[in-house]
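> If you scroll down you'll find the structure; I have some questions about it.
The values are calculated or read from the model by the stated rules, or taken from the named source; none is laboratory data. As the structure is a prediction and not an experimental result, all values here were calculated from the model. All Cβ positions, glycine included, derive from the backbone under ideal geometry; neighbour counts span all protein chains shown. Note: areas computed on protein heavy atoms with side chains; ligands, DNA, RNA excluded. Shrake-Rupley method; radii C 1.70, N 1.55, O 1.52, S 1.80 Å.
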Amino acid sequence: MPVNVYECMFLLDTNKVASDVPAAAQKLHAILERNQAEVLASRSWDERRLAYPIKNHKKGLYYLTYFRTEGKNVVNIEHDCSLNEMIIRSEEHTSEL
């Protein structure tokens, strides 16, 4: 199977991650690595007030990550993200680095 590079923007719950962003980053990396993804780069992007509430949250921390994996692993990554309470929303796209 071909390996693709993905860009993923995570929207994190600021109430759960604001005090320790590096620990939150480790949890995100663990989700990706558990699903055979190689993290290429990641960083905290911005904390913003949301234009409209998402799951009753009015603000969130955006966290940008680039990773490499096979396409079949993306479904499991999305599933693990949906089960994680600190992740409000995530969006993956293939990227051309």
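> Which of (1) over 18 Å from Tyr6 (Cα atoms); (2) part of a strand (DSSP E or B); (3) open to solvent by less than 50 Å² (accessible area, probe 1.4 Å); (4) of a type in the set (Gly, Ala, Ser) does Ala51 not meet, given it meets every other one?
Among (1) over 18 Å from Tyr6 (Cα atoms); (2) part of a strand (DSSP E or B); (3) open to solvent by less than 50 Å² (accessible area, probe 1.4 Å); (4) of a type in the set (Gly, Ala, Ser), the lone unmet condition for Ala51 is (3).
> Within segment 55-97, count every residue that is assigned to a strand (DSSP E or B) and either exposed (fewer than 13 other Cβ atoms within 10 Å of the Cβ) or of a type in the set (D, E, K, R) (or both).
9
> Is at least one residue of segment 6-20 open to solvent by 40 Å² or more (accessible area, probe 1.4 Å), of a type in the set (Ser, Thr, Tyr) and outside any helix (DSSP H, G or I)?
Yes, that holds for at least one residue.
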